[in-house]
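Data block below; observations after.
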2 protein chains.
Amino acid sequence: MTLLSPIDGLVDKLRDQGFKITHPRYQVIERVADRDANFTAEELAAELAPVGRATVYRTIKLLVDQGLLCRVVLGDGSICYRSSHLAHHHHLVCLSCGATEDVHLSDVEAVIDRVRGATSYEVVSHRIEVYGFCPRCKGFQSEADITHLHLH
Amino acid sequence: MTLLSPIDGLVDKLRDQGFKITHPRYQVIERVADRDANFTAEELAAELAPVGRATVYRTIKLLVDQGLLCRVVLGDGSICYRSSHLAHHHHLVCLSCGATEDVHLSDVEAVIDRVRGATSYEVVSHRIEVYGFCPRCKGFQSEADITHLHLH
DNA sequence: GCAAGGATGAGACTCCATCTCAATAAGTTA
DNA sequence: TAACTTATTGAGATGGAGTCTCATCCTTGC
Ligand SMILES: [Mn+2]
Ligand SMILES: [Mn+2]
Ligand SMILES: [Zn+2]
Ligand SMILES: [Zn+2]
């Protein structure tokens, strides 16, 4: 009897959509599926060494589209990724070390709906990142770190 | 009697902080202060032609720090700038053309406060961009545009 | 098996941003 | 005004992230 890994579902879903499950692609999925820490595309490419950089970038994009990964915008604007739990959520990001937690911002939908009612734009999505200092970095921030924050 | 332009306040503030008001720097401020449309660093550098690119980038950073400009993250992750009205606000960004409106998200602070109470992070800031299609782009979006949105 | 078409990857390339460092200009002091 | 101190400038190099090309390879369905 085969043990059904959480990856299998995704693999089937991809095949259904006409994507081929190649070895390099599978390696990327494997490495990424169960991570709890953030990682950059470049880090992942380095880890997966013999797999081509282009393939890693292409696969990350694919996995973001498929909802397995989500992009995180760090305080300095740089990008990293983390495995997604699929339900809509947002990010709490450490300005110092980049450590990230998923947060559910209750009632955000209500806030967004109010925008929807007040604008002529057709609102389809939003991005929220909450920034701060994680327990480990708390107390080490300098004045400068904080006074340089104009994120909106 | 001298007419007090809105730029003068900033110039004084900068001088107070020990920054020198050089000609190139002043030119950047002038070009940027009253804009209503978004612009990229590269566009600004091109417009200000003889002013060095490095100087334009440095000055933009300075003005973001000083609160005269704010960074906008477009749907594709690229960056542009717009003059800021200083009060805390967020952005409503067109996924198609990048047109941006400032929006005040009422009650966001309450939502953020709830995060503050529920995490061990020290929350200091946040970034919110609401994405959609502006009146002019509405109706032109393809399925693809929308299904590729995993912004959180 | 085989064929068809998607996927790969080395390397070139683009874009954005920052760095270096010698030359220059702003502000200060006398 | 002249000298002085120091921040600023800018040409060009450099770095980093991501994309593109295209000949070759692999997966899948038949
Ligand atoms: Mn996430
Ligand atoms: Mn703004
Ligand atoms: Zn941290
Ligand atoms: Zn638009």
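Numerical summary
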read-out	value
Output for segment A:79-99, where each listed residue is part of a strand (DSSP E or B), within 14 Å of ligand 1 (Cβ to nearest atom) and not hydroxyl-bearing (S, T, Y)	A:I79, A:C80, A:R82, A:H90, A:H91, A:L92, A:V93
Lone qualifier among A:A54, A:A41, A:A45 - being more than 16 Å from ligand 4 (Cβ to nearest atom), within 14 Å of chain B (Cβ to nearest Cβ), small (G, A, S) and under 27 Å from B:L74 (Cα atoms)	A:A41
Only listed residue being surrounded by fewer than 19 Cβ atoms within 10 Å (Cβ to Cβ), part of a strand (DSSP E or B) and either touching a Pro at 6+ places or on another chain (Cβ under 7 Å) or more than 7 Å from every other protein chain (Cβ to nearest Cβ) (or both), chosen from B:D36, B:D76, B:D113, B:D102	B:D102
Qualifying residues in segment B:20-32 (those that are touching a residue at least 24 places away in the same chain (Cβ under 8 Å) and closer than 13 Å to B:L62 by Cβ) - the one surrounded by the fewest Cβ atoms within 10 Å (Cβ to Cβ)	B:P24
Boolean, A:D107 is more than 7 Å from every other protein chain (Cβ to nearest Cβ) and free of Cβ contacts under 8 Å to residues at least 12 places away in the same chain	no
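No lab work stands behind these numbers, since they all come straight from the coordinates. Computed from a prediction, not measured in an experiment: that's the story for all the values here. Note: ideal-geometry Cβ built from the backbone for every residue, glycine included; neighbour counts use all protein chains shown.
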